[in-house]
Structures are given as C-alpha cells and as structure tokens.
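The values are calculated or read from the model by the stated rules, or taken from the named source; none is laboratory data. Computed from a prediction, not measured in an experiment: that's the story for all the values here. Cβ placement follows ideal geometry from the backbone for every residue including glycine, while neighbour counts extend to all protein chains displayed.
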Amino acid sequence: MPIKNDVVIGKDVKIWHPDLCNFYGCEIGDGTSIGSFCEIQNEVKIGERCKLQAFVFIPRGVIIGDDVFIGPHVCFTNDKYPSCSQGFNCLTTIIEDGVVIGANSTICPGITLGKNCRIGAGAVVTKNIEKNLLVAGNPARIIRRIDNE
Amino acid sequence: MPIKNDVVIGKDVKIWHPDLCNFYGCEIGDGTSIGSFCEIQNEVKIGERCKLQAFVFIPRGVIIGDDVFIGPHVCFTNDKYPSCSQGFNCLTTIIEDGVVIGANSTICPGITLGKNCRIGAGAVVTKNIEKNLLVAGNPARIIRRIDNE
Amino acid sequence: MPIKNDVVIGKDVKIWHPDLCNFYGCEIGDGTSIGSFCEIQNEVKIGERCKLQAFVFIPRGVIIGDDVFIGPHVCFTNDKYPSCSQGFNCLTTIIEDGVVIGANSTICPGITLGKNCRIGAGAVVTKNIEKNLLVAGNPARIIRRIDNE
C-alpha cells in the first residue's frame, strides 16, 4: 500500500489519488489537501490547511507549518553532502506558517523559510529566508518585501 | 481510474502507461503521445501530434497547440499568487504551434509562448516569448532568433 | 507491469516501489537502490551501489557508473534539439564513478560528468564537467575544486 498504516492523518484531509502517492511515517494536519504523485517520508510533519500540489517530494527532516502552499514539482532535500560512500547526515528544514513555495523550486537542506515568505517558481533556495520576503532565481535572491500584500 | 471518463481523446493518441497518469476533464488531439507520470487537469486542451515526455504537469488554464514538444519534468502553472488563504485566480497560458519546451523547465502563468519558439532545458519562463526565439536561464532570457533553423 | 521482463537487475538491488516505477530495457548494477516514481528507459546502464532518489528520469543514451548518487527529481535528457516534426537524435551522456547529482538538477544531453564531481541542487548542466569539480547554477558554473573532500 502506498500510504502506510503508520501515517497520522488529521480530519478532513484530502488525498486525491492515494494509489499514486507514497507516504510513510509522516503526520498530516487537519484540512490539508495533497495532489497526486507525492512522496512524504518518515518523520515529516505537515500542518493544517496546507495545499500540496502534484509531484511534491518531502524527505525526512522537513517540518511544515500551517497554511503552507507547496506548488507542483517542489523538491525538498535533507542532506547537504549526499553520497553513496559516506554516511547520511539528515538536516532539519523548517517551513513556517503561511509560506508559499512556487512550482518546481528546490529547497536546500537545513534552512528556515520564515513566516509568509514567498518562493518564486523555479527558485533554488540555498539559505534562510526571513519572514515576509519574496525571493526568486538560482540561487534565490530577495526581490522585495511583501509586508503589505 | 487515473484517466477519467470525461477525457476527450483523439485518434491514434498514445498514452504509454494509463495506470501511471492522472488525466481529468481535458482534451487530447489526434496523434499526440504522452509519457508516464503525467497529470493533465480540467479544461486543458492539447493539440495534434504533440509529444509529452514523462512527469509533465499541466493544470487548468493551459492551452497547447499542435506539434508541441514538452520535455520531461516540465511544469506549467496557473495562478500568479497562489495561496492557501486567498482565492484561486486561474490565468490562461497559451502554447502556440510548434513550440519546443526543454526538460524540467517551469512556465509561469498567464503568458504566451509564440509559434516555434524554443525553451531551453531548466528555464524558468516568466513572460511572453515571441515566435521563433530561443530562450534559456532563470529567469529565461533571449539567446537568439531561430528563424532559419 | 511497470518493470518489464527485459530489465537486467543485479544482486541486492532495492527498488522500493516497483508498482510506482517504469523501467524497460535497462540494466541496473549490484547493490543499487532506486526510489519511487522513477523512469529508466531502454539501453540505460546504471552501475553498482548507486542511489537513485524518487522522481528520477533517465532516458536512452545515459550511462551511469558506480557509486553515483542521483537526487530526487533529477532529469536527464538525450536530444539536443527535440522536436515533433524532425527526427530523434539520441546523444550519449556519461556519468562517471562517484558523481553526486543534487536534487532537481537537469543534465543536458551529450556531455560527461567527470569522476567524483558534484552537481549542486537545481543546477542546469550544459557542458562537460571535469572530475573533482563542484558546479551549481543555471547554467552550471564551477564553484570550486573538491579534491581534498
């Protein structure tokens, strides 16, 4: 079964195609919706009322707050120096409440995306982003503050 | 069923792995071929003789002409300011005939890719692209005209 | 069946979700592990002890050595000028032993990634990379040598 029994699923969670997902050992908050072709691994926590689009990859080490939008093809990571020969060093990545992550962006491991920040489509985020900032590009750079939007 | 009954499929359409796709409410023209792990949503129209590679995501609002090549992992979008808390504002994206979209590129919403233009692999296209142009990069910039190729 | 009978699979190969993969005509070396939602096409050869994360796309023409790490959403390609109307021209891409390819990067066709080089997350690699180099960005540029790491 692609959704293992150890997944903790809140109330009113909508998983559009359970047969086209791979979830295990994770926790999904109330009211969150998740598109097709997503993988969510062990120990991931996803808050309430989030929206995950299709093709999202969330490995161990990623903690996601409430009301977070995650666009299609967004890719999280958890090891700064992955390797076949050396050990796996899982870093913690924090996505705070209200963050919006644009389509096909890449989130490097061990960073924090601050409250209500926005990640432009296709961005590669390599360091912490403060709250209420819009960033974009590869590597992602600050475009402007969005306090009043 | 990952391919819903409301999908309108033309003649000689080749869908390589219907069980590994998620199509609903869309229209696919004659002679088009579609790889595995694709999602095509409501109201999308795809023209004739197109080739869609694996892992392509096409949400509502995207209209694709004839003879369009869409590389693997290409990601279309439809909302400029996606959000969990605010409404969904679906923009229309037009892909004209003969366009070639390179692998893993991201197409921002509400734009037009002009006839026969080419999008380099990994590009993030943020605005309209005129016909017969080659663009690449993040954000995508003009590399050269390709009228004579 | 998403894993065709013509796939040659070595000893101790771990394919986490055979039902969520699409492999045909390829060869996978001893001790390699492969995540969910991967597609590996005809004539691809993957060496020993490699680790392929989820959502990896490997088309015909790609040859991968031993001990290669391939991050999630990595996208290989095989035709420099893909098209619907013109013929398909499959180029050979070589990934040498010990290479590490970061998440969501794009590997253009016909190039060689030299021994132990590292491709940063989200990179778009457009030309040959010499051994022991770290590259990143779009297009990928040299960040530093990594001989001593």
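The table that follows gives values for the structure above.
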{"quantity": "Matching entry among A:GLN41, A:GLN53 (being under 25 Å from B:PHE88 (Cα atoms) and in contact with a Gly (Cβ under 8 Å, 6 or more places away or on another chain))", "calculated": "A:GLN53"}
{"quantity": "Enumeration of residues in segment C:119-147 that are crowded, with 17+ Cβ neighbours inside 10 Å, in a strand (DSSP E or B) and either modelled with pLDDT under 95 or in contact with an Asp or Glu (Cβ under 9 Å, 6 or more places away or on another chain) (or both)", "calculated": "C:LEU134"}
{"quantity": "Per-region count, segment A:48-63, residues within 10 Å of chain B (Cβ to nearest Cβ) and surrounded by fewer than 24 Cβ atoms within 10 Å (Cβ to Cβ)", "calculated": "3"}
{"quantity": "Residue tally, condition within 14 Å of chain C (Cβ to nearest Cβ) and over 12 Å from the mean Cα position of the chain (by Cα), over segment A:32-47", "calculated": "4"}
{"quantity": "Qualifying positions in segment A:45-68 - among the polar types (S, T, N, Q) and closer than 17 Å to C:SER36 by Cα", "calculated": "none"}
{"quantity": "Residue in segment C:2-11 that is assigned to a loop (DSSP other than H, G, I, E, B), in contact with a strand residue (DSSP E or B) (Cβ under 8 Å, 6 or more places away or on another chain) and surrounded by 22 or more Cβ atoms within 10 Å (Cβ to Cβ) present", "calculated": "no"}
{"quantity": "Residue ID - farthest from B:GLU39 (Cα to Cα), chosen from residues in segment A:69-85 that are within 7 Å of another protein chain (Cβ to nearest Cβ) and assigned to a loop (DSSP other than H, G, I, E, B)", "calculated": "A:SER85"}
{"quantity": "Count of residues meeting criterion [aliphatic (A, V, I, L, M) and part of a loop (DSSP other than H, G, I, E, B)] in segment B:87-106", "calculated": "3"}
{"quantity": "Subset of segment B:57-68 (residues that are on the phi < 0 side of the Ramachandran plot, part of a loop (DSSP other than H, G, I, E, B) and touching a Phe, Trp or Tyr at 6+ places or on another chain (Cβ under 9 Å))", "calculated": "B:PRO59"}
{"quantity": "Failed criterion for C:ASN78 (all others in (1) touching a Pro at 6+ places or on another chain (Cβ under 6 Å); (2) surrounded by fewer than 20 Cβ atoms within 10 Å (Cβ to Cβ) hold)", "calculated": "(2)"}
{"quantity": "Only listed residue being at the interface with another protein chain (Cβ under 10 Å from one of its Cβ atoms) and either out of contact with any helix residue (DSSP H, G or I) (no Cβ under 9 Å at 6 or more places or on another chain) or touching a residue at least 24 places away in the same chain (Cβ under 8 Å) (or both), chosen from A:VAL100, A:VAL7", "calculated": "A:VAL100"}
{"quantity": "Residue that is surrounded by the most Cβ atoms within 10 Å (Cβ to Cβ) [pool: residues in segment A:15-31 that are more than 9 Å from chain B (Cβ to nearest Cβ) and part of a loop (DSSP other than H, G, I, E, B)]", "calculated": "A:CYS21"}
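Rundown of residues vs (1) over 29 Å from B:ASN104 (Cβ atoms); (2) touching a Leu at 6+ places or on another chain (Cβ under 6 Å), yes/no style:
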residue: A:VAL8; (1), (2): yes, no
residue: A:LYS14; (1), (2): no, no
residue: A:LEU20; (1), (2): no, no
residue: A:ILE34; (1), (2): no, yes
residue: A:PHE37; (1), (2): no, yes
residue: A:ILE64; (1), (2): no, no
